Amino acid sequence: MALQESIKSLARHYAADIVQTRRHLHAHPELSFQERNTARFVADQLRAIGIQPQEGVADTGLVALIEGRKGTESAGNRVIALRADMDALPIHEANNVPYKSTVEGVMHACGHDAHTASLLGVARILNVLRDEFDGTVKLVFQPGEEKAPGGASLMIKEGVLENPTPVSMIGQHVAPNIPVGKIGFREGMYMASTDELYLTVRGKGGHAAMPDSLVDPVLIASHIIVALQQIISRNRPPASPSVLSFGRFIADGVTNVIPNEVTIQGTFRCMNEEWRAEGKKRMVKLAEGIAEAMGGSCEFTIVNGYPYLKNHPELTRRVRAQAVEYMGQENVVDLDLWMAGEDFAFYSQVVDSCFYRLGTRNEERGIISGVHTPTFDIDEASLETGAGLMSWLAVRELAAMTS
Ligand SMILES: [Zn+2]
Ligand SMILES: [Zn+2]
């Protein structure tokens, strides 16, 4: 427990710095894959404490290693990766705070400023404690979480999971629905895959009084919309959560004109990679078949998004128990499934991973807005926890690895 006390006191010691870092990042947000100043800032902060980062991974990403040197046994294969994302969103901030975004129309509305500041806090804490642990902590500062194809997929392609290869990977995300001081875990399925669906249904437009001489794409598209939902209710494995939603249906005719075509856009989300592939195949076949049977055609384009995020059950159980050690039983909560996407999912598909939520809500202070809204903010008291807890989880998990 001496190590836990050291971590807690270092987290307290650096808390004000971590808040300052978060405020600097918040005031200077950059959009996905444009995080140049952010990356430079992170690199400078790391160099200032003697850590030499590898820059330019996936262009604006960085990787840095902290090697433990407790040296009690051979620990060469013990590697844990910790991830923070760095990008902001195209949202205009509506908060009136001293650290308000200085960039018109760009805002850290998903808390990635808090993730990056926390991970820099972890770097400071673990750098001081090098003599207290064995193994390697790999810090991953990742660009472009909010935008396809996802910075995580690019960092993996550029070898972030090699040299050295992490045994496990941990990521945290702010949670405006969880009170500050608490954190949340979920084993197994947690967040959804996200695929974008684009359909163009073509027919033959003309005077609405003579439908017999036309091919009505509005009716075809309507049949397709209804029929596709049956794939969710009839073909989906019942234990696989899935969502199929269409937010755009454009038939640009008028009362007496049937248009030539209808465009539809939607999203398909699920938590099973086999079903994900199968479901999409069925959708295309069904839509094309209906259109053809009704005399028209359907061009169905799918833009593949992130896979589903799975929290490795054993790792998550262990990390949850370690979090209880650090936070107390009463401050560790269970999470529901969430059908939103998150590109940490790419890591979770290839390395044992755990993605947990850091409570940032403070009702008394009115900090209740959801992520991706112009009034999103966090209770900054969460940052001390964010840095301290992640440091604790890293050293505990390294100690749990058999070399
Ligand atoms: Zn987001
Ligand atoms: Zn996010």
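Look through ALA84, ALA109 and report the one residue that is outside any helix (DSSP H, G or I), open to solvent by less than 10 Å² (accessible area, probe 1.4 Å), closer than 21 Å to VAL167 by Cα and within 15 Å of ligand 1 (Cβ to nearest atom). Give the steps one after another, and end with the answer.
Numbers: ALA109 fails: closer than 21 Å to VAL167 by Cα.
Exactly one of ALA84, ALA109 is outside any helix (DSSP H, G or I), open to solvent by less than 10 Å² (accessible area, probe 1.4 Å), closer than 21 Å to VAL167 by Cα and within 15 Å of ligand 1 (Cβ to nearest atom), namely ALA84.
The single condition from (1) polar (S, T, N, Q); (2) farther than 15 Å from ILE220 by Cβ; (3) surrounded by 15 or more Cβ atoms within 10 Å (Cβ to Cβ) that SER297 fails is (2). Every condition in (1) part of a loop (DSSP other than H, G, I, E, B); (2) of a type in the set (Asp, Glu); (3) open to solvent by less than 10 Å² (accessible area, probe 1.4 Å) is met by GLU162 except one, and the failing one is (3).
Taking ASN77, is it over 26 Å from the mean Cα position of the chain (by Cα) and in a loop (DSSP other than H, G, I, E, B)?
Working: over 26 Å from the mean Cα position of the chain (by Cα): yes; in a loop (DSSP other than H, G, I, E, B): yes.
Judged against the criteria, ASN77 is a match.
Residue count for the range 60-74 satisfying the condition of being part of a loop (DSSP other than H, G, I, E, B), charged (D, E, K, R) and in contact with a helix residue (DSSP H, G or I) (Cβ under 8 Å, 6 or more places away or on another chain): 2.
When we screen ARG186, ARG236 for residues that are charged (D, E, K, R), in contact (Cβ under 8 Å) with a residue 60 or more places away in the chain and either out of contact with any Gly (no Cβ under 6 Å at 6 or more places or on another chain) or open to solvent by less than 20 Å² (accessible area, probe 1.4 Å) (or both), the only hit is ARG186.
Rundown of residues vs (1) of a type outside the set (Gly, Ala, Ser); (2) closer than 26 Å to ARG78 by Cα; (3) more than 16 Å from ligand 1 (Cβ to nearest atom); (4) open to solvent by less than 30 Å² (accessible area, probe 1.4 Å), yes/no style:
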| site | (1), (2), (3), (4) |
| --- | --- |
| ALA323 | no, yes, yes, yes |
| GLU330 | yes, no, yes, no |
| TYR347 | yes, yes, yes, yes |
| ARG361 | yes, no, yes, no |
| ILE378 | yes, no, no, yes |
| GLY388 | no, yes, yes, yes |
| ARG396 | yes, yes, yes, no |
| MET401 | yes, yes, yes, yes |
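Is it the case, given these coordinates, that ILE125 is of a type outside the set (Gly, Ala, Ser), away from ligand 2 (no atom under 16 Å from the Cβ) and part of a helix (DSSP H, G or I)? Can you show your working first?
Values: of a type outside the set (Gly, Ala, Ser): yes; away from ligand 2 (no atom under 16 Å from the Cβ): yes; part of a helix (DSSP H, G or I): yes.
The answer is yes for ILE125.
If the condition is being under 30 Å from ARG186 (Cβ atoms) and in contact with a Pro (Cβ under 9 Å, 6 or more places away or on another chain), then the range 259-273 contributes ARG269, CYS270, MET271, ASN272, GLU273.
Consider MET210 carefully, then state whether it is touching a Phe, Trp or Tyr at 6+ places or on another chain (Cβ under 7 Å), hydrophobic (A, V, I, L, M, F, W, C) and open to solvent by 60 Å² or more (accessible area, probe 1.4 Å).
Numbers: touching a Phe, Trp or Tyr at 6+ places or on another chain (Cβ under 7 Å): no; hydrophobic (A, V, I, L, M, F, W, C): yes; open to solvent by 60 Å² or more (accessible area, probe 1.4 Å): yes.
Taking the combined requirement at face value, the residue does not satisfy it.
Residue-wise test of (1) within 18 Å of SER348 (Cβ to Cβ); (2) not charged (D, E, K, R).
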| residue | (1), (2) |
| --- | --- |
| ALA227 | no, yes |
| THR267 | no, yes |
| LYS285 | no, no |
| GLY295 | no, yes |
| TYR306 | yes, yes |
| ARG317 | yes, no |
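Number of residues in the range 21-53 that are surrounded by 15 or more Cβ atoms within 10 Å (Cβ to Cβ) and not in a loop (DSSP other than H, G, I, E, B) equals 15. Of all residue pairs spaced 6 or more apart or on separate chains, those with beta-carbon atoms under 6 Å, a first member in the range 391-403 that is at negative phi and a second member that is part of a helix (DSSP H, G or I) and of a type outside the set (S, T, N, Q) are SER391/ILE7; SER391/VAL122; SER391/ILE125; SER391/LEU126; TRP392/ILE7; TRP392/TYR326; LEU393/VAL319. All of GLU104, GLU132, GLU93, GLU67 fail the test of being within 16 Å of ligand 1 (Cβ to nearest atom) and in contact (Cβ under 8 Å) with a residue 12 or more places away in the chain, apart from GLU93. Being polar (S, T, N, Q), within 29 Å of ARG357 (Cβ to Cβ) and in contact (Cβ under 8 Å) with a residue 12 or more places away in the chain: is that true of ASN256 here? For ASN256, the condition - polar (S, T, N, Q), within 29 Å of ARG357 (Cβ to Cβ) and in contact (Cβ under 8 Å) with a residue 12 or more places away in the chain - is not met.
The set of residues in the range 165-193 that are assigned to a loop (DSSP other than H, G, I, E, B), of a type in the set (A, V, I, L, M, F, W, C) and more than 15 Å from LEU389 (Cα to Cα) comprises VAL167, ALA192. Can you spot a residue in the range 332-339 that is within 16 Å of ligand 1 (Cβ to nearest atom), in contact with a strand residue (DSSP E or B) (Cβ under 8 Å, 6 or more places away or on another chain) and open to solvent by 60 Å² or more (accessible area, probe 1.4 Å)? Looking through the range 332-339, at least one residue is within 16 Å of ligand 1 (Cβ to nearest atom), in contact with a strand residue (DSSP E or B) (Cβ under 8 Å, 6 or more places away or on another chain) and open to solvent by 60 Å² or more (accessible area, probe 1.4 Å).
In contact with a Pro (Cβ under 8 Å, 6 or more places away or on another chain) and among the β-branched types (Val, Ile, Thr): does that describe THR21? So that I can check it myself, show each step before the final result.
Numbers: in contact with a Pro (Cβ under 8 Å, 6 or more places away or on another chain): no; among the β-branched types (Val, Ile, Thr): yes.
Against the criterion (in contact with a Pro (Cβ under 8 Å, 6 or more places away or on another chain) and among the β-branched types (Val, Ile, Thr)), THR21 does not qualify.
The values are calculated or read from the model by the stated rules, or taken from the named source; none is laboratory data. Predicted, not measured: the structure shown is a model, and the values here were computed from it. Methodologically, a virtual Cβ is constructed for each residue, glycine included, from the backbone with ideal geometry; neighbour enumeration extends over all protein chains shown. Note: accessible area is taken over every heavy atom of the protein model, side chains too, but ligands, DNA and RNA are not part of it. Shrake-Rupley method; radii C 1.70, N 1.55, O 1.52, S 1.80 Å.
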